[in-house]
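Comments concern the structure below.
Readers should treat all values here as calculations from the given coordinates under stated rules, not as data from a laboratory. Please read all numbers here as calculations on a predicted model, not as lab measurements. For neighbour counting, all protein chains shown are included, and Cβ atoms are generated from backbone atoms with ideal geometry for every residue, glycine included.
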Amino acid sequence: MMRERTVNKHQVLQSVEEATLSRDPERIRATLARRTESEATPEEALEALTRGMERARTLFQDRRLPLPELLLTLDVFREGLGLLKPLLHGKTRPKRGASIVIGVVEGDVHDLGKNIIAAILEMSGYRVRDLGKDVKRDAFLEAVREERARILAISSMMSTPLDNMRELIAWARKLSPAMGVLVGGAALDQTLAVKLGADGYAADAGTVVGEVGRLLGRRPRAADARPG
Amino acid sequence: METDPARLRPGMHPWGGLPMLNVLKIYESLRRGRIPPIREIPEPLLDAVATLGHLRGRVTPLTSLERVLTAFRHKEPDRVPVTPVLCAGARQIAGIPFPEYAQDARRSAEVFSAGFEFVGGDLVILMLDLSVEAADLGQKMVFPEDSTPRPDYTNPRIRDVPEYRKLGPVELSRAPRMQMFLELCRLMVQRVGFRAVVTGFAFGPLGVLGMMRGAERLFKDCVHYPAEVMAACETVTSVLIEFVEAQCDTGVPAVALDTLYASGNGLSKELWEKIEGPFVRELSRAIKRKGALVGVHNCGHDLYFDAQIRTMEPEVISFAHLPDDCRTPGEMKERYGDRVTLLGYVPTPLLVHGTPQQVMDACRKQIDDLARDGGYVLAPGCEYPPNIPLTNAFALVKAAERHG
């Protein structure tokens, strides 16, 4: 009987992982409902959910998963996370001890890339506060203060708000000198990130986790590593 | 059996592929000081003109028109043609605020004229913003003082899936932003005359829907509700066909179609060909029926050159990144260089942060990679960033003159 339940647990966790990739919210709901019939804990289910999302991210990075499918997988991940959170009693995934404030700078309303990055960072265990798009400087600074953020992640698809980005970075530096500032978006590249005063540049969803890790590990700043 | 004239190569007779010269149309255009519809000119004649341009270009400078036509026929002109794609950025020369530039055809024409007269270039690409069509289809807009117009995404025109089928067409005569753009085309064709090639512009139907629904929701809808999205594409395309035909009637010899979502930033290749492909094919045919050339603009990553060529058979592709099936510029030139004219692809971030020398060095590298045998126009990968100094626009033009 014990053996049967163990097998069942593995099957359920495998189903959770596969359901995440199915892009079907109904399926993840049904699969997570079956969890209680097994010995799988909510924490283990969350790990399985995260593994599924990580597989999707890798597939996207390797160009084997198109953007719309990644977005649908993120929806399933969020659905699963929402179902599991009440069962975790605050014991969510192992935190990396860092909070991240993220948003699109004032003057730009393109938030698709930012939404993906926010979800991936959350999936990776960071505490993410997403301020949305067209966010004013003071709203960013207030959130940084409230969250004691270790990373400020800001984006812009357009070149027109770059002055806003530069100004925000300067103010954020004054407010929290030890905080890392990460930038991204179609208007930017590595060199421009440095010139705007950022510590890091994430070209896409594939590089953002590594770049955040680098900033938190206090490895050399983008500015120190690559002369502008 | 009737042959669709749009499927014919330029200047071929619809009955049997014989060269045909529509003398009246060409005469009428010339009489009005416009570049004639290029597809009305027989291919052998175009090739002869290009060959002449190629030979004459070795000893004496060509005009912009000669240079562009020679390059488009895949022959090397005197130097590489260039366009800084200077749109809203030229407001700085004319001192015109964004909202006026975006809403008043005369002010907008002042901006584009200033860019052309002051900075130069062989092509003038009339790209106003990406919301022209969506605004006339009912999308509420925001006209910021310091940026190009954008949809008010707090108030999307398409709020949920059933609204795709409820989207109605708009009469072109009652479409203020499109009418304004047509007036801009007329004014610029008049002002530029034979001195450069002025091109029109339209956002593809999926792009227009993205402006009314939001890209993220649209992408998901394309997967779950393709029939609904395609129904709306059909409505939008009916409006766009009238719009691009009217652009051709203003005298622009080419119209660019923006198909942003045919890239890694949008749909999968298969899904794009299924959903937007049939509609942009119709748009391309409408432009060709008017005798104009078709350009494609796509500043996405890993864009689908092959799928876009299959569906639209464009003469020119403007791009910011390499296509999904090429790893190097050389490979791109090898694979596509004899099929389309490549227009690009100086990175816009470099224009923001680079020195003029760095920009010129990047241009030189691209010219070395892509200019061989014609079929190349030096340009930024997208619109020149509107709020930065124009120094690097000059550097771009200078690079073509010096290294082209």
With Rg and the Kirkwood Rh both taken from Cα atoms, where does Rg over Rh land for the protein assembly as shown? 1.00
Modelled label-to-label distance, A:Ser22 and B:Asn155, 7 Å Cα→beta-carbon offset: nm? 4.1
What residues have an amide H closer than 5 Å to that of B:Val346, excluding those fewer than 5 places away on the same chain, when H is modeled at 1.01 Å from N in the peptide plane? B:Ala379, B:Gly381
Separation between the B:Glu145 and A:Lys85 pseudo-spin-labels, each 7 Å from Cα along Cα→Cβ, expressed in nm? 3.9
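Rounded, prolate or oblate, given the Cα gyration tensor of segment A:112-152, with a/c below 1.5 counting as rounded?
It is oblate, given that a/c is not under 1.5 and a/b is not larger than b/c.
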Three-way shape label, segment B:32-179, alpha-carbon gyration tensor, a/c 1.5: prolate
Rounded to the nearest 20 debye, dipole of segment A:9-88 from Cβ charges on Lys, Arg, Asp, Glu: 160
Report the gain in length on full extension from B:Asp361 to B:Asp373: 0.36 nm times residue separation, minus Cα-Cα distance, nm rounded to one decimal. 2.2 nm
Cβ-placed point charges (K, R +1; D, E -1), dipole of chain B about Cα centre in debye, nearest 20: 720
Note the full-extension length gain between B:Ala227 and B:Arg58 as 0.36 nm times their separation in residues minus their Cα-Cα distance, in nm to one decimal. 55.4 nm
Span from the segment A:1-77 Cα centroid across to the segment B:71-85 one, whole angstrom: 54
For chain A, the Debye formula with one identical point scatterer on each Cα and no solvent gives log10 I(q)/I(0) at q = 0.11, 0.12, 0.18 Å⁻¹ as -0.58, -0.68, -1.24
Taking R0 as 56 Å, what's the FRET efficiency between A:Arg63 and B:Arg31 from their Cβ-Cβ distance, rounded to 0.05? 0.60
Residues B:Asp338, A:Asp204, A:Asp108 arranged by fewest to most Cβ contacts within 10 Å: B:Asp338, A:Asp204, A:Asp108
Which cysteines does the protein assembly as shown leave without a neighbouring Cys Cβ under 4.7 Å? B:Cys87, B:Cys185, B:Cys222, B:Cys233, B:Cys248, B:Cys326, B:Cys363
Take the Cα atoms of segment A:9-88, find their three principal axes, and give me the spread along each one in whole Å, biggest first. 36, 20, 18
Whole-Å distance, taken between Cα centres, linking segment B:341-382 and segment A:115-172: 32
Longest principal axis of chain A (C-alpha) makes with the long axis of helix A:25-34 (C-alpha) an angle, in degrees to the nearest 10, of 50
For segment B:282-296 and segment B:120-180, what is the centre-to-centre distance using only Cα atoms, to the nearest Å? 21
Counting only other chains, and only Cβ atoms inside 10 Å, what mean value do you get across the residues of A:111-118? 2
How compact and how long is segment B:97-182, expressed as Rg and Dmax of its alpha-carbon atoms in Å? 15.1, 49
If you build the Cα gyration tensor of chain B and take the root of 5 times each eigenvalue, what three semi-axes come out, in whole angstrom, biggest first? 30, 25, 22
Ranked output for segments B:23-33, B:362-372, B:262-272 by mean other Cβ atoms within 10 Å, highest leading, reads B:262-272, B:362-372, B:23-33
Shape parameters for segment A:99-217, alpha-carbon atoms, Rg then Dmax in Å: 12.2, 33
